[in-house]
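The values are calculated or read from the model by the stated rules, or taken from the named source; none is laboratory data. What you see is a predicted model, and the numbers here were worked out from it, not measured in a lab. No Cβ is skipped: glycine too gets one built from the backbone with ideal geometry, and neighbour counts run over all protein chains shown.
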Amino acid sequence: MIQTKYSKYDYLNISDSDDSWGLYVLGAGLADVPPNTHYPPTKHPADYMFTWKSGRTLPSFQILYITKGEGIFETKSIKKKIVKEGSIIFLYPNVWHRYCPNKKTGWKEYWISFNGEQPRKFLENNVFEMNKPVVEIGLNETIVGLYNRILEFLENESIGFREIIASLTYEIIAHIKSAQRRKQFGGKEIEKVILKARIFLAENISTKVDFIQLAKNLNVSYSWFRRMFQHYTQLPPAQYFQLLKLNKAKTLLIETSMQVCEISEFLGFDSQYYFSKFFKKKTGLSPLQWRKSYKSIVNK
């Protein structure tokens, strides 16, 4: 861990096994840049170093969180954009960019660099939206705490820290997406409609749900309901309901002695065969294999 007057940061050497979690961290840091200070305030490895004049192109992903002050950000396709306090900046591999704090305000930034198969999938599936590299989520204590925990693990390098900071990076991404949705939907009528729908689905997990009728009962059109539900939860209503059933099945397999046929009937599947096929498709294991694998872990 390198510490200077205005920042602290660390970079990791990567081994062949680091991508086993689908994501591996390359480095992280924070910089509290006062007004009228040269930026960046410290030197970094060649792949990361840049000036406003030159900009840079990273070989990896990076997420910055600006928690104080403001500045500007630019790519070849997105011209100068104001970055405010509470903004997230997503940086993508092989995309030229540049950014810096406003000299009058300075800024405080947290950042983490990472790569791997899973971030690339996030990009392919629009979890990361390349056309929206700057998003405003406001100040979020949980996300700041996750960045700080990563910095602590980088400093101490305790056994297994690489896996832990990878999982904390997943948490940062999840909390950013959650904060985006709360900011977009919070306090609006759409949030109330989706919440009522989710409660209805949770309370009727043992039945077959007519989603067209559900939308009608909520006084909205089905096309609007389906579109907004997916936008809010990241899943279409039917897939969301399937996930509820799957999670309930896992719980029943672990916490009860119910037979697979009883669980299938309880969850409203047409047959035990269809339930078992669905469960294996989603988990890679049959219901009985899932139950057995859990018991073997517990009994170790």
Hey, could you check the range 132-147 for residues that are under 17 Å from His231 (Cα atoms) and surrounded by fewer than 19 Cβ atoms within 10 Å (Cβ to Cβ) and say which is farthest from the chain's Cα centre (by Cα)?
-> Lys132
Close pairs from the range 227-239: first touching a residue at least 12 places away in the same chain (Cβ under 8 Å), partner part of a loop (DSSP other than H, G, I, E, B), Cβ under 6 Å, at least 6 apart | none
Residue list for the range 270-281, restricted to those being under 17 Å from Ile254 (Cα atoms) and either without any contact (Cβ under 8 Å) to a residue 12 or more places away in the chain or of a type in the set (Lys, Arg) (or both) = Lys280
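With respect to Ile150, is the statement that it is of a type outside the set (S, T, N, Q), on the phi < 0 side of the Ramachandran plot and not in a helix (DSSP H, G or I) true?
On the way: of a type outside the set (S, T, N, Q): yes; on the phi < 0 side of the Ramachandran plot: yes; not in a helix (DSSP H, G or I): no.
Spelling it out, it is not the case that Ile150 is of a type outside the set (S, T, N, Q), on the phi < 0 side of the Ramachandran plot and not in a helix (DSSP H, G or I).
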Helices (runs of 4 or more DSSP H) wholly inside the range 212-300 containing at least 1 residues that are loosely packed, with under 15 Cβ neighbours inside 10 Å and under 29 Å from the mean Cα position of the chain (by Cα) = 222-233, 237-255, 272-283, 287-298
Close pairs from the range 185-200: first within 15 Å of Leu235 (Cβ to Cβ), partner at pLDDT 90 or above and of a type outside the set (A, V, I, L, M, F, W, C), Cβ under 8 Å, at least 6 apart = Ala197/Pro237; Arg198/Tyr240
If you take just the strands (runs of 3 or more DSSP E) that sit entirely in the range 50-97, which of them hold at least 3 residues that are modelled with pLDDT of 95 or more?
-> 61-69, 71-75, 87-91
From Ile63, Ile14, Ile82, Ile78, residue being under 27 Å from Glu141 (Cβ atoms) and either surrounded by fewer than 18 Cβ atoms within 10 Å (Cβ to Cβ) or of a type in the set (Lys, Arg) (or both) | Ile82
Quick one: in the range 161-191, of everything that is in a helix (DSSP H, G or I) and among the small types (Gly, Ala, Ser), which residue is surrounded by the fewest Cβ atoms within 10 Å (Cβ to Cβ)?
-> Ser167
For Tyr6, all conditions in the list (1) in contact (Cβ under 8 Å) with a residue 24 or more places away in the chain; (2) within 19 Å of Ile89 (Cα to Cα) hold save one; what is the number of the exception?
-> (2)
Condition check for Gln62: closer than 20 Å to Asn148 by Cβ and among the polar types (S, T, N, Q) = yes
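To keep it simple, each residue is scored yes or no on (1) in contact with a Phe, Trp or Tyr (Cβ under 9 Å, 6 or more places away or on another chain); (2) in contact (Cβ under 8 Å) with a residue 60 or more places away in the chain.
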| position | (1), (2) |
| --- | --- |
| Thr67 | yes, yes |
| Lys81 | yes, no |
| Ser87 | yes, no |
| Tyr92 | yes, no |
| Glu117 | no, yes |
| Asn131 | no, no |
| Val134 | yes, yes |
| Gly138 | no, no |
| Glu152 | no, no |
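Looking at Trp107, Trp96, Trp111, which is the one that is in contact (Cβ under 8 Å) with a residue 24 or more places away in the chain, surrounded by fewer than 18 Cβ atoms within 10 Å (Cβ to Cβ) and among the aromatic types (Phe, Trp, Tyr)?
Every option except Trp96 fails the conditions.
One line per residue, one yes/no per condition, for (1) within 23 Å of Phe122 (Cβ to Cβ); (2) in the same structural domain as Tyr6 (by TED's automatic domain parsing); (3) in contact (Cβ under 8 Å) with a residue 12 or more places away in the chain; (4) among the β-branched types (Val, Ile, Thr):
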| residue | (1), (2), (3), (4) |
| --- | --- |
| Gly29 | yes, yes, yes, no |
| His38 | no, yes, no, no |
| Lys43 | no, yes, no, no |
| Ala46 | no, yes, no, no |
| Met49 | no, yes, no, no |
| Pro59 | yes, yes, yes, no |
| Gln62 | yes, yes, yes, no |
| Glu70 | no, yes, yes, no |
